[in-house]
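Reviewing the structure listed below.
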Amino acid sequence: MYLAIIFSLITFSFIPLIYGIAGILVGSGFTFFIVKVLMKSKSRRIIQEANIEAEVIKKDKILQAKEKFFQLKTEHEKMINEKTNKLILSENKFRQKEIVLSQKIEENKREKVEIDVIRENLQVQLGVIEKKNDELLKIHIQKVEQLETISGLSANDAKKQLIDSLKEEAKTEAMSFINEIMDEAKMTANKEAKRIVIQTIQRVATETATENAVTVFHIESDEIKGRIIGREGRNIRALEASTGVEIIVDDTPEAIVLSAFDPVRREIARLALHQLVTDGRIHPARIEEVVQKTQNQVEEEIAEVGKRTAIDLGIHGLHPELIRLVGKMKYRSSYGQNLLQHSREVANLSAIMASELGLNTSLAKRAGLLHDIGKVPDDEPQIPHAVLGMKIAEKFKEKPEVCNAIGSHHDEVEMTTLIAPLVQVCDAISGARPGARREIVESYIKRLKNLEEMALSYPGVLKTFAIQAGRELRVIVGSDTVSDKDAENLSYEIAKKIQDEMTYPGQVKITVIRETRAVTYAK
């Protein structure tokens, strides 16, 4: 009984606790259930979004794969088509070659068959000919024996009588043969003329000399360069102003370059520089004095060269002015070919061809030497050089045949003698040698001359020098006729005229030099 009461008390005291624990357990289970349900729904939603995104990515990748596939397929097809076309072309070429080879093989077979047939026929014919020869030999022996028996003469006696009887007939036939040879010689006269020309060229195979545009002046040491330049460049400026030659002093060891298109100017500058360096006194006044003396020396050398040329060629009686013009040819060029060398060559060619044709060799040589003297005068009027040369020759009493040959060698004047076409042909032969002439050099020199003459046409201009390959024009004017202001205007006018009337590469610098000097002599 007491136990039942105790149990009842205990039970009643723990019931609320049990209910509390049970409530907690039920609430926890319900909460867990709710959380689990929410987690499941969220995970499903995430899975669905992931699936949707995966489908989109899958579709994009599939599209990219398809595009790449089509691109590769297109490139592959293009490559296959190119290879197919190449194979077709190669196949066509091989087929054409095969057809050509087949045709050649067939032709060779036919030719071989024909050759075999011809060889067999020849062998048969040779056999027949040998038999016929044997038969003819036997018949000949028999006939000779019969003739000796009938005539009572041996074969040698009969030959002598036959030779005597045929002499007259042989003479008649020989005369007719000579007439035929003469007719044939007339028909082949053109070939004979060509042979004469070729032999003449071979006999006068001289070397061609071309003039350069620069001269190298060698010095013993580089210290002399400073003396040539002078203080503030006054010496080199005086040299350039006096000679018209550009003097290039650079780092080249023991050498100074003299540049000008006119060989006479370069020679004067070279000789003057040599004398100045040897003497040691280099200053503007001394430079002008030496240049003037050198010009006189060059004039004397020109006359000496003309005399030596006339003596070497055996030409006598030339006027002294013509001799000077011939000597001056040494410093002139025709399309890059030295004019004196060209004229000597034409003279020798003309003499040789005249001797072959039976003409006057001395007149031909004289006309050949003088045919280009119209290119030598400094003023060079605007008439053809052949006509100018003819007028010069007439002025100094040359023979009419020589004057006509000079004037007509470029067909400006009608030819009246046989020497005229001879000189024309020899001039063409000399100029036509490979490498003998360079038209570019001649046009370059002509452009520089025109540049100088254009500036020289202005009043008050004393000298003009084109230097730097035509890129600079130096104009020296008189101080008494041109003022400083006029010098500026002159430079502008020359530049404008060059720009309007000439064609040239790059630009041209025009430098007008006006120098005032006061000279007094102490007595």
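The values are calculated or read from the model by the stated rules, or taken from the named source; none is laboratory data. Since we're looking at a predicted model, the values are computed, not measured. Here the Cβ positions follow ideal geometry from the backbone for every residue, glycine too, while neighbour counts run over all protein chains shown. Note: areas computed on protein heavy atoms with side chains; ligands, DNA, RNA excluded. Shrake-Rupley method; radii C 1.70, N 1.55, O 1.52, S 1.80 Å.
A few remarks follow.
- Residue match in region 332-340 (condition: of a type outside the set (Lys, Arg) and over 27 Å from residue 394 (Cβ atoms)): yes
- Verdict on residue 163 being at pLDDT below 80 and open to solvent by 90 Å² or more (accessible area, probe 1.4 Å): yes
- Tabulated pairs, region 494-523, first free of Cβ contacts under 8 Å to residues at least 24 places away in the same chain, second surrounded by 10 or more Cβ atoms within 10 Å (Cβ to Cβ) and outside any helix (DSSP H, G or I), C-beta under 8 angstrom, 6+ apart or interchain: 495/508; 495/510
- In region 413-429, the residues that are loosely packed, with under 14 Cβ neighbours inside 10 Å and out of contact with any Ser or Thr (no Cβ under 9 Å at 6 or more places or on another chain): 428
- Residue list for region 352-375, filter: open to solvent by 10 Å² or more (accessible area, probe 1.4 Å) and either free of Cβ contacts under 8 Å to residues at least 24 places away in the same chain or not in a helix (DSSP H, G or I) (or both): 355, 358, 359, 360, 361
- Residue ID - least open to solvent (accessible area, probe 1.4 Å), chosen from residues in region 115-160 that are of a type in the set (S, T, N, Q) and at pLDDT below 70: 154
- Residue 389 surrounded by 21 or more Cβ atoms within 10 Å (Cβ to Cβ), at pLDDT below 85, assigned to a helix (DSSP H, G or I) and not hydroxyl-bearing (Ser, Thr, Tyr): no
- Hits in region 397-409 (condition: over 18 Å from residue 362 (Cβ atoms) and either among the polar types (S, T, N, Q) or surrounded by fewer than 16 Cβ atoms within 10 Å (Cβ to Cβ) (or both)): 408
- All of (1) among the β-branched types (Val, Ile, Thr); (2) under 25 Å from residue 475 (Cβ atoms); (3) surrounded by fewer than 21 Cβ atoms within 10 Å (Cβ to Cβ) hold for residue 278 with one exception: (2).
- Residue tally, condition surrounded by fewer than 19 Cβ atoms within 10 Å (Cβ to Cβ) and in contact with a strand residue (DSSP E or B) (Cβ under 8 Å, 6 or more places away or on another chain), over region 242-269: 8
- Where residue 470 falls short, out of the listed (1) in contact with a helix residue (DSSP H, G or I) (Cβ under 7 Å, 6 or more places away or on another chain); (2) at pLDDT 80 or above; (3) not acidic (Asp, Glu): (2)
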